[in-house]
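First up is the structure itself, then whatever we jot down about it.
Derivation of every value follows stated rules applied to the coordinates shown; laboratory data play no part. Everything quoted here is computed from the prediction, not taken from an experiment. Every residue, glycine among them, receives a Cβ derived from its backbone with ideal geometry; neighbour counts consider all protein chains shown.
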Amino acid sequence: MRVALAQLDPTVGDKAKNLKKLEAAVAAANADLLLAGELFLSGYMARDAFAQLAEPLDGPAVKAAASIAQEHSTTLIFGMPEREEATKRLFNTSVLVAPDGKVASYRKVYPANFGPFEEGLYFGRGDGLTLAETKLGRIGLLICYDAFFPELSKAYALQGADLLAIISASPATSKPLFDRILPARAIENALPVLYANLVGTELNIVFQGGTQAIGPRGEDLGKAADFAESTVVADVDLRDLKTARAFRPTLRDTRKEMWEPVAPDLPVRGQ
């Protein structure tokens, strides 16, 4: 499949402008799957404005994204502040919208709340993983800091994920860490890893980028230039999983009785 990783600079608080930028990236990429960054819809540092910017999953922003996906025959994954209608709680959410209108969503399990990050002030914690069943394959959704917890990726792999899609709002200071852990998540699970980060500056945070596609043996399938808006286009062949897992049979050799004490008590939902 042809995948596009859109490394974009969102405008904080301007959902309409950000949707237009997303649509332009989709139209230019002509891809089967496109990722944009964490909280791309609102901007990462919207802070107190998240309460006004958040929408439910059947709100106008997701409907607009569904129209874009249908028009361009592209499955979209992007970040937004989600409002749960029943409780009015907010979540940092990755949304997948398929061309047929199907919507899947994942709420960040580990909101970052240290250093310059203050997600815990605004967002609740997700309580499950989402393995999205799509015509392209089974896609495991994660957000930024979640990638530092290998049990989440392993849970997806053991449940039959074909690839991991990680959207991010990671600053320049974190880029060296992501450059190390992302190939590790791919190699240890024999899964392609797709990672889309933001660029630009929001308040006191500078987003460097580091957007990249990684094959199931850790191979570099494409990287974006630092600090610049761009779209990485890569070909991902899911038939490579069989070869990767024969070469390094980490899933076959995973001892579940050793894993269970550290694995999260989180359901893996098929969407």
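Tabulated data
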quantity	calculated
Label zone at Lys63 (point 7 Å along Cα-to-Cβ), backbone N below 18 Å, region 20-48	20
Over the chain: helical MRE at 222 nm, DSSP H runs n ≥ 4 each giving -39500 (n - 2.57), nearest 500	-7500 deg cm²/dmol
Proportion of all alpha-carbon pairs of region 203-247 beyond 16 Å (%)	49 percent
Pairwise centroid distance, computed over Cα atoms, of region 76-138 with region 216-271, Å	19 Å
Reachable lysines, given that their alpha-carbon falls under 23 Å from the alpha-carbon of Lys63 and they are not under 8 places away in the same chain	Lys15, Lys17, Lys20, Lys21, Lys88, Lys102, Lys108, Lys135
Cα gyration tensor of region 17-122 - equivalent ellipsoid semi-axes, whole Å, descending	24, 15, 12
Histogram of C-alpha separations across region 186-270, 10 Å bin width, %	16, 30, 30, 20, 4
Residue of Pro99, Pro171, Pro60 that the Gaussian network model of the chain assigns the largest fluctuation, springs spanning Cα pairs under 10 Å	Pro60
Debye intensity ratio I(q)/I(0), log10, region 70-145, q values 0.19, 0.22, 0.28 Å⁻¹ (C-alpha model)	-0.81, -0.99, -1.31
Computed E for Phe114/Leu177 - FRET, C-beta separation, R0 22 angstrom, nearest 0.05	0.95
Range of Cα positions in the chain per principal axis (Å), largest first	48, 39, 36
Anisotropy class of region 69-202 from Cα gyration tensor, a/c 1.5 cut	rounded
Spatial separation of Cα centroids for region 1-75 and region 175-214, in angstrom	18 Å
FRET E, pair Glu133, Asp226, Förster distance 30 Å, beta-carbon r, rounded to 0.05	0.30
